[in-house]
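See structure below.
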Amino acid sequence: MHSTEDELGMAKDLRLRAEALFHAHWTASPEDVEAMTADDRRQLVHELRVHQIELEMQNEELRLTQAKLDASQARYFDLYNRAPLGYLTIDEGGLIQEANLTAATILGADRGAMVQQPITRFILDEDQDEYYLYRKQIFETREPRSCELRMMRQDGTSFWAHLEACVVTADDGCTLSRLVLSDITERQRLEKEQEHLRLQVQRSRNMETLGRLAGGVAHDMNNVLAAILGLASANLELQPKGSTAYLAFETICKAAVRGGNTVKSLLTFAHQRPAEEQDIELNVILREEVRLLERTTLSKIHLEMDLDPALGLIRGDASALTHAFMNLCVNAVDAMAQNGTLSLRTRNLGEHWVQVIIEDTGCGMSKEIQAKALDPFFTTKEVGKGTGLGLSMVYSAVEAHRGHMAIESELDRGTRVEMSFPRCDVQVKPMQPLIEPYLGQPQPVLDVVVVDDDELIHSAMKTLLQALGHRVTVASSGEEALAQLESGANPDVVILDMNMPGLGGLGTLPQLHAMRPKMPVLISTGRVDQSTLDLIAAHPYTSLIPKPFSLDQLRKRLEPMLSKETFGALPSRSRRTSAERRRAESTFQVGAQIHSATKGYLGTERRNGFNTDRRRL
């Protein structure tokens, strides 16, 4: 704004210049003016007044235009300063010539103090080379370019910045770069989270694919193991203890049980619910792990244990978690040199969760390896020393128990694995109790229908049930079993497989109970998944007997059906004493049937009733 004195001075100066121009261009002499008539003089004065008014109008228009320009410039500078992006003008020497308020705010500096300061003052030392290359490319190509690097505020804190620059020529001919600055720290964080989620989804899909494969293999293998374990355990009871035959069948039973545990791990890996659900004390499992490790690998490292004595219980499969914890402990020991430290900790997380922490001071993992650590078949160990399934199966075991797992690792600092599980006293729905068995003698003979599409199971179940003194009818599908009931069959119990063509167990069980509401049903399956557990929970008089199972396990599952209440309610069934049942059991031979079960899966040959294939299973 101009003062009144300045305006008067400008007006006086303007008048003097105007008079000078008048005298320079006025060609009329004083005599000519004297010779003018009165009308000429009036006309001249009129024209002068009109020109004066025109000039005043033009001057007002110019003044209004100038005011609009001033207002527009003010708005421009206001928008420039308050823009959401930082604007900087940089000369060829890298000095800041101009900055808006947003740039000053982003950099945490005073706007005036930034002028003539090198822009590199605000760039992190580690990213200086990247900026110099970026600036060189801008001035050489004179094309707009962008880059992302880390910058530093006035207070020393760093942030991720996005730079977008172009080259312009100033009015004086100097070459400048216009630079747009934005803080992308939050965007970088979100992008990392998104990438992490993408990797989790990809890992989940890989695990789902492998899970379906593992589940299918587990189902078929459990059918084979069910036949082997059932027949071997039945024959074991007939042999004198300590005899060669007893020891042989005992070894077969142990091998079948071990195979069943391996299959159970496959099912856990396949994202299935644990095959066994029981209350678990995690402290007990970890102490047992330590007891086993003390005999082997703990001699070269230091062990620290901090187990919460008030740790809550969880619900799940103890053997699956034992395998998972052992895998982590062995990995930790392998990653440490002499005098490393392995730490095992447990604690309650509020009222609903418990946590297990396994930590080591080993070599740790880089970010690249850590990103792939849970991928199936990924391993950094030498060929023959690792399958790459260890951490994948640990992760699957935790997920199967409705838990969460997190891995933190740093090169040369060690690795920390945190596993959180829901407490069973909060999450678990009570299981429906079975009827207490009546152990009085004599016991009735049950009519049992076995519904399974596998001939090996037909043969094995007939032998086992007949050894227990019961009558057996087999059906190869749910449809066949329903047809038997419609034809008048009245079984005391049905043993039902889940994975069959047609209706399968899922479609058969509701129809069985619709026809015989109080008929007991044993779900016998080699693949226990969530749909199976939900089906059992939704139907009374239904329980689970996972494959493989032994004669004794089958006997215990059938004992509730021999209760006093059930026995009294049965129609006139023939009843056998224990001596009669023993004589019945002693009549069957199982060696050939065990061989047949093995042959059915491995395709071996027979000669005189014995297996001639000497390959190691």
Segment 258-289, residues that are modelled with pLDDT of 80 or more and surrounded by 17 or more Cβ atoms within 10 Å (Cβ to Cβ): I280, L282, N283, I285, L286, E289
Failed item, numbered, when G350 is tested on (1) surrounded by 14 or more Cβ atoms within 10 Å (Cβ to Cβ); (2) of a type outside the set (S, T, Y); (3) at pLDDT below 90; (4) within 22 Å of P422 (Cα to Cα): (1)
I'm checking my understanding of the structure. Among residues of segment 387-398 that are touching an Asp or Glu at 6+ places or on another chain (Cβ under 9 Å) and at pLDDT below 75, which one is nearest to R423 (Cα to Cα)? S392
Go through segment 537-567 and give me each residue that's open to solvent by 30 Å² or more (accessible area, probe 1.4 Å) and not in a loop (DSSP other than H, G, I, E, B). A537, A538, D552, Q553, R555, K556, R557, E559, K564, E565, T566, F567
Spot the failing condition for I96; the list is (1) within 46 Å of the chain's Cα centre (by Cα); (2) within 17 Å of M151 (Cα to Cα), and only one is missed. (1)
Of the numbered conditions (1) open to solvent by 40 Å² or more (accessible area, probe 1.4 Å); (2) at pLDDT 70 or above, C424 fails exactly one; give the number of that condition. (1)
Looking at the structure I just gave you, is L464 under 25 Å from A256 (Cβ atoms) and either open to solvent by less than 10 Å² (accessible area, probe 1.4 Å) or in contact with a Pro (Cβ under 6 Å, 6 or more places away or on another chain) (or both)? yes
In segment 461-485, the residues that are in contact with a helix residue (DSSP H, G or I) (Cβ under 6 Å, 6 or more places away or on another chain) and at pLDDT 90 or above: V472, V474, A475, G478, L482, L485
Taking segment 87-112 and keeping residues open to solvent by less than 60 Å² (accessible area, probe 1.4 Å) and within 14 Å of Q154 (Cβ to Cβ) leaves I96, A99, A103, A104, I106, L107, G108, A109, G112
Cβ pairs under 8 Å, 6+ apart or interchain, first in segment 82-103 and of a type in the set (D, E), second in a loop (DSSP other than H, G, I, E, B) and surrounded by fewer than 15 Cβ atoms within 10 Å (Cβ to Cβ), ordered by first then second residue, are D91/C174; E92/C174; E98/V115
Hey, can you tell me all the residues within segment 337-347 that are of a type in the set (A, V, I, L, M, F, W, C), more than 14 Å from M419 (Cα to Cα) and touching a residue at least 40 places away in the same chain (Cβ under 8 Å)? L342
Looking only at segment 491-523, count how many residues are closer than 24 Å to H401 by Cα and either open to solvent by 10 Å² or more (accessible area, probe 1.4 Å) or modelled with pLDDT under 85 (or both). 3
The listed residue being closer than 28 Å to I228 by Cα and hydrophobic (A, V, I, L, M, F, W, C), out of L485, L533: L533
Just a yes or no: is a residue in segment 137-152 within 18 Å of S177 (Cβ to Cβ), free of Cβ contacts under 8 Å to residues at least 12 places away in the same chain, surrounded by fewer than 15 Cβ atoms within 10 Å (Cβ to Cβ) and not acidic (D, E)? yes
For segment 306-319, what are the residues that are open to solvent by less than 10 Å² (accessible area, probe 1.4 Å) and of a type in the set (A, V, I, L, M)? I314
Can you name every residue in segment 225-245 that is under 20 Å from L554 (Cβ atoms) and open to solvent by less than 40 Å² (accessible area, probe 1.4 Å)? L225, A226, A227, I228, L229, G230, L231, A232, S233, A234, N235, L236
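The values are calculated or read from the model by the stated rules, or taken from the named source; none is laboratory data. A quick note: this is a predicted structure, and the numbers were derived from the prediction, not measured. Note: ideal-geometry Cβ built from the backbone for every residue, glycine included; neighbour counts use all protein chains shown. Heads up: the accessible areas ignore ligands, DNA and RNA and are worked out on the full protein's heavy atoms, side chains in. Shrake-Rupley method; radii C 1.70, N 1.55, O 1.52, S 1.80 Å.
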